[in-house]
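Visitor: Pasting a structure below so you can have a look.
The values are calculated or read from the model by the stated rules, or taken from the named source; none is laboratory data. Keep in mind it's a predicted model, so treat the numbers as computed, not measured. Positions of Cβ are backbone-derived with ideal geometry, glycine not excepted, and every protein chain shown enters the neighbour counts. For the accessible areas, the whole protein counts, side chains as well, though only heavy atoms, and no ligand, DNA or RNA atoms are used. Shrake-Rupley method; radii C 1.70, N 1.55, O 1.52, S 1.80 Å.
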Amino acid sequence: MNREPLLPVTEGEARAFRDDGAVCLRRVLDMDWIEALRRAVDDDIASPGPMVRLNTPAGNPGRFFVDFQLWQRQPACCAAALQSPMPAIAAQLLGATRVNWYHDHLLVKEPGTMERTPWHHDFPYYPLQTTGELDGVASFWVPLDPVSRDTAVEYVRGSHKWGKRYAPKFFRKDAGFDSGAMAVEEAPDIDAQRDRYDLLGWDLEPGDMIAFTGLTLHGAPGNGSLVRRRRAWVLRYLGDNVRWSTRPGAVSPPIEGHGLKDGDRIGGALFPEVWPATGAG
Ligand SMILES: O=C(O)CCC(=O)C(=O)O
């Protein structure tokens, strides 16, 4: 399992992350990682964690399965979170001197799943505050199956610079998200006016990944394939400009037991520092 990306991340890719809000990174992980992560994900589906969400209503085809925090239960996910090429890439993309692990997120769309992932951005789901040009979140959407452009997540280029905080929503249409008293507006319906936006999307092979910021608007179609699964595992890292900030209403994922207070730098056993690397492991 490689500790350095198979192809180094270039300065042009880092600039695209900052300017566009999302960038496709090719050949980061070798197949040993992918196979270990596939086994971990299938284990998790068979025996999910406490935050599992099933987003496909009864009677609909396929299954949109969501879970979190596999790194706490699956050794391969823990190794990928803490000891893979990802922490160094997060530091490079964020221009951060220190990077902490935040959380992981599993999103599997089995063949025939019709449910879309609604357009949203991630930062408003989090009990976090940030300063600086970038929001300090680097997410890596790691496909474990080949994914074509018409099945993969899409991103609105430059939307991380709109200065917006759109209302979070659960991916299941019938589940309301209590975003407290925060004055947040609804995300625009990008699909109703696709030609008005500059949409980014890629065909991906296992080993490739998409890196994106916490404020980049994104959404995904269902999985129209009747044979191919769409397993994606997402890793999320925080740069040194992020602070804890409790807020009214729900947060997602609801991580507890961290002991952080408002204004604290992110850290502790649940959010370990992963960059600079310690050389452990
Ligand atoms: O995989 C998907 O369908 C959506 C992924 C997503 O929303 C995210 O990674 O924040």
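Here's the yes/no breakdown for (1) open to solvent by 20 Å² or more (accessible area, probe 1.4 Å); (2) closer than 26 Å to residue 53 by Cα:
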residue: 96; (1), (2): no, no
residue: 121; (1), (2): no, yes
residue: 126; (1), (2): no, yes
residue: 130; (1), (2): yes, no
residue: 136; (1), (2): no, no
residue: 146; (1), (2): yes, yes
residue: 159; (1), (2): no, no
residue: 165; (1), (2): yes, yes
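Visitor: Another question, then. Which residue out of 106, 82 is of a type in the set (A, V, I, L, M), touching a residue at least 60 places away in the same chain (Cβ under 8 Å), farther than 17 Å from residue 135 by Cβ and more than 16 Å from the ligand (Cβ to nearest atom)?
Guide: Selected residue: 82, the only one of 106, 82 that is of a type in the set (A, V, I, L, M), touching a residue at least 60 places away in the same chain (Cβ under 8 Å), farther than 17 Å from residue 135 by Cβ and more than 16 Å from the ligand (Cβ to nearest atom).
Visitor: Right, something else. Exactly one condition in (1) within 26 Å of residue 259 (Cβ to Cβ); (2) open to solvent by less than 10 Å² (accessible area, probe 1.4 Å) is not met by residue 66; state its number.
Guide: With (1) within 26 Å of residue 259 (Cβ to Cβ); (2) open to solvent by less than 10 Å² (accessible area, probe 1.4 Å) applied to residue 66, the lone miss is (1).
Visitor: Within the range 228-250, count every residue that is open to solvent by less than 50 Å² (accessible area, probe 1.4 Å), farther than 24 Å from residue 15 by Cβ and out of contact with any Phe, Trp or Tyr (no Cβ under 6 Å at 6 or more places or on another chain).
Guide: 7
Visitor: Of the residues that make up the range 87-94, is at least one on the phi > 0 side of the Ramachandran plot, crowded, with 24+ Cβ neighbours inside 10 Å, in contact (Cβ under 8 Å) with a residue 12 or more places away in the chain and more than 14 Å from the ligand (Cβ to nearest atom)?
Guide: No, the range 87-94 has no match at all.
Visitor: OK, next. Before we move on, is residue 225 farther than 16 Å from residue 160 by Cα, within 16 Å of the ligand (Cβ to nearest atom), open to solvent by 10 Å² or more (accessible area, probe 1.4 Å) and hydroxyl-bearing (Ser, Thr, Tyr)?
Guide: Yes; evaluated as a whole, the condition is true for this residue.
Visitor: Of all residues in the range 189-205, count the ones that are in a loop (DSSP other than H, G, I, E, B) and open to solvent by 30 Å² or more (accessible area, probe 1.4 Å).
Guide: Result for the range 189-205: 6.
Visitor: Enumerate the strands (runs of 3 or more DSSP E) found wholly within the range 206-251, keeping only those where 3 or more residues are in contact (Cβ under 8 Å) with a residue 12 or more places away in the chain, of a type outside the set (A, V, I, L, M, F, W, C) and touching a strand residue (DSSP E or B) at 6+ places or on another chain (Cβ under 8 Å).
Guide: Per the criteria, 230-238.
Visitor: Also, I was wondering about something else. Given the criterion under 21 Å from residue 220 (Cβ atoms) and over 13 Å from the mean Cα position of the chain (by Cα), identify the matching residue among 116, 98, 73.
Guide: Of 116, 98, 73, the one residue that is under 21 Å from residue 220 (Cβ atoms) and over 13 Å from the mean Cα position of the chain (by Cα) is 116.
Visitor: Among the residues of the range 49-59, what is the count of those that are in contact (Cβ under 8 Å) with a residue 12 or more places away in the chain and open to solvent by 60 Å² or more (accessible area, probe 1.4 Å)?
Guide: Count: 2.
Visitor: Any residue at all in the range 153-160 that is more than 16 Å from the ligand (Cβ to nearest atom) and not hydrophobic (A, V, I, L, M, F, W, C)?
Guide: Yes, that holds for at least one residue.
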